[in-house]
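Here's the structure, in structure tokens; my notes come after.
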Amino acid sequence: MSEHAGTGLDEALTKMRSVGVAPPAVDVFARYWQQLCEGVTGTIGEDEIDPVETLDALEDLDPDADTEALAHTAVVKLNGGLGTSMGMDRAKSLLPVREDQSFLDLIARQVRHAREMTGARLPLVLMHSFSTRDDCLEALGAHPDLPVDGIPPDFLQSQEPKLRADDLRPVEWPPDPSLEWCPPGHGDLYVSLLTSGVLDDLVDAGFRYAFVSNSDNVGASPSAAIAAWFAGSGAPMALEVCRRTAADRKGGHLAVRRSDQRLVLREKAQVAEQDSAAFADIGRHRYFNTNNLWLDLQQVRDALAARDGVLGLPMIRNDKTVDPTDPSSTPVVQIESAMGAAIEVFDDATAIEVPRSRFRPVKTTEDLLLLRSDAFELFEDGTLDPVVDPLPLVTLGDDYAAIRDFEQRFPHGAPSLRQATSLTVEGDWTFGQGVEVRGEVHLADTGSAERIDDGDVLEGHRGADG
């Protein structure tokens, strides 16, 4: 540690206070900064946990469940992302997903449909970052029926300084001072609900529960059955989890901590090398977190009050560069936490197994191409469900990673994928209108720009060796 590290915390806290970051959020940051100095890694050894053997499952619940619990539920969407992984610089939730409807439009349809089916008020509340708030509130103007009296449409997540990796001082970046700041991860949900006043607003208006999910997960629609199950459990918090498949071996999983029998989440970064095989064993560790969760708002408020706003979620160290688009810029540490990790903080927190249909996140242009294709159907309730099983595997090269480049190469929309097993695209290929993909298709890199003609049927291999 640098000899200057001792002043890093004071500098960071002063910087946060100067822009009006709420005191509880400042306290959370200070706790994590101290953990960084102490070298806390958050590693969870295989000898410290047991696998989760059985869970209640959505498929076993009454599909015609009483809607009373849903009537006292609010829908909270994490909406702070800019879609930087897809080369975006504005709110990801405004990206068109299907039939010119954005994530935000689909969320509105899902909430509206659930209201019509159940009679519940179901307020929609967005947790924004400073970068997404204005555009998304403007877009919500197209849905004037969504607001619920007494409930604000959104609240802001906190912000914190990026720290120099060498001495943990707040980084300075004169070319763009906004890059000196970062969001603290979605674990900030709890303290931001508290400090914004939205937690009190919801409870005081008679809302006991909240269903929380990412805005880019098109499968995360309100569920009366899960709401009734959660209310009946008496738990302060519940995670929706899915069965892991071979494709999920590198992702985190749910486990039981032996020392206190609490449920915990273990991510890849928390696994020692000698435990890698056990971590990837989907037969042993069967469930992964969808980041859909249910909260008892009264119990959450009580816990936050008892802990002065600091829940004590496990810290996540994220090593980056101050300018994420410039790998040669100053190395920094971003302190983050995950909202699902609160499952180990709350007494009697639980989980429920849900089908994969409730986990349809869009993290890449490959995910987006699938959802835009005829392999999925958009229903009146705002959900997108697959019409083929299994879904084709889509692999797109670097030329398609950024949304602008992706759109240019699919100017007429997605090709037909209903009869596809897989589509692998290497190099620069632009797709014409009405293209069909059948079976396993591999488009190889020819070293030059190529075009698929209108109405073409793709089968087998094309390109350098085709």
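Descriptive notes on the structure:
- Looking only at residues of segment 191-205 that are within 20 Å of Ala69 (Cα to Cα) and in a helix (DSSP H, G or I), we find that the one that is most open to solvent (accessible area, probe 1.4 Å) is Asp204.
- Output for segment 83-101, where each listed residue is surrounded by 17 or more Cβ atoms within 10 Å (Cβ to Cβ) and in a loop (DSSP other than H, G, I, E, B): Gly83, Ala91, Leu95
- Residue check, Val218 crowded, with 21+ Cβ neighbours inside 10 Å, under 17 Å from Glu353 (Cα atoms), within 19 Å of the chain's Cα centre (by Cα) and β-branched (Val, Ile, Thr): no
- Unmet requirement for Leu313, which otherwise passes all of (1) at pLDDT below 95; (2) out of contact with any Ser or Thr (no Cβ under 8 Å at 6 or more places or on another chain); (3) open to solvent by less than 30 Å² (accessible area, probe 1.4 Å); (4) not hydroxyl-bearing (Ser, Thr, Tyr): (2)
- From the options Glu172, Glu138, Glu180, residue that is more than 17 Å from the chain's Cα centre (by Cα), closer than 27 Å to Asp381 by Cβ and open to solvent by 20 Å² or more (accessible area, probe 1.4 Å): Glu138
- Against the list (1) open to solvent by less than 40 Å² (accessible area, probe 1.4 Å); (2) outside any loop (DSSP other than H, G, I, E, B); (3) within 28 Å of Arg356 (Cα to Cα), the condition Leu458 fails is (3).
For every residue, the table says whether it meets (1) of a type in the set (Lys, Arg); (2) part of a strand (DSSP E or B); (3) open to solvent by 30 Å² or more (accessible area, probe 1.4 Å).
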position	(1), (2), (3)
Asp367	no, no, yes
Asp385	no, yes, yes
Asp389	no, no, yes
Pro411	no, no, yes
Leu417	no, yes, no
Leu423	no, yes, no
Gly434	no, no, yes
Val441	no, yes, no
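- Filtered residues of segment 7-32 (kept if open to solvent by 70 Å² or more (accessible area, probe 1.4 Å), more than 18 Å from Val310 (Cα to Cα) and assigned to a helix (DSSP H, G or I)): Asp10, Glu11, Thr14, Ser18
- As a summary of the residue check, Val75 satisfies the conditions (1) crowded, with 18+ Cβ neighbours inside 10 Å; (2) at positive phi except for the one numbered (2).
- Residue list for segment 39-67, restricted to those being over 28 Å from Gln270 (Cβ atoms) and open to solvent by 70 Å² or more (accessible area, probe 1.4 Å): Glu59, Asp60, Asp62, Pro63, Asp64, Asp66
- Within segment 325-379, the set of residues being closer than 30 Å to Arg262 by Cα and among the acidic types (Asp, Glu) comprises Glu336, Glu344, Asp347, Asp348, Glu353.
- Among the residues making up segment 305-342, those that are closer than 13 Å to Glu160 by Cβ and assigned to a loop (DSSP other than H, G, I, E, B) are Met315, Ser337.
- Residue tally, condition under 21 Å from Ala220 (Cβ atoms) and touching a residue at least 40 places away in the same chain (Cβ under 8 Å), over segment 347-404: 31
- Segment 247-266 - residue that is in contact (Cβ under 8 Å) with a residue 12 or more places away in the chain and farther than 12 Å from Phe279 by Cα and, of those, surrounded by the most Cβ atoms within 10 Å (Cβ to Cβ): Leu263
- For segment 415-422, the count of residues that are among the charged types (D, E, K, R) and touching a His at 6+ places or on another chain (Cβ under 6 Å) is zero.
The values are calculated or read from the model by the stated rules, or taken from the named source; none is laboratory data. Please read all numbers here as calculations on a predicted model, not as lab measurements. Note that we place each Cβ from the backbone using ideal geometry, even for glycine, and neighbour counts take in every protein chain shown. The area values use the complete protein model at the heavy-atom level, side chains included, leaving out ligands, DNA and RNA. Shrake-Rupley method; radii C 1.70, N 1.55, O 1.52, S 1.80 Å.
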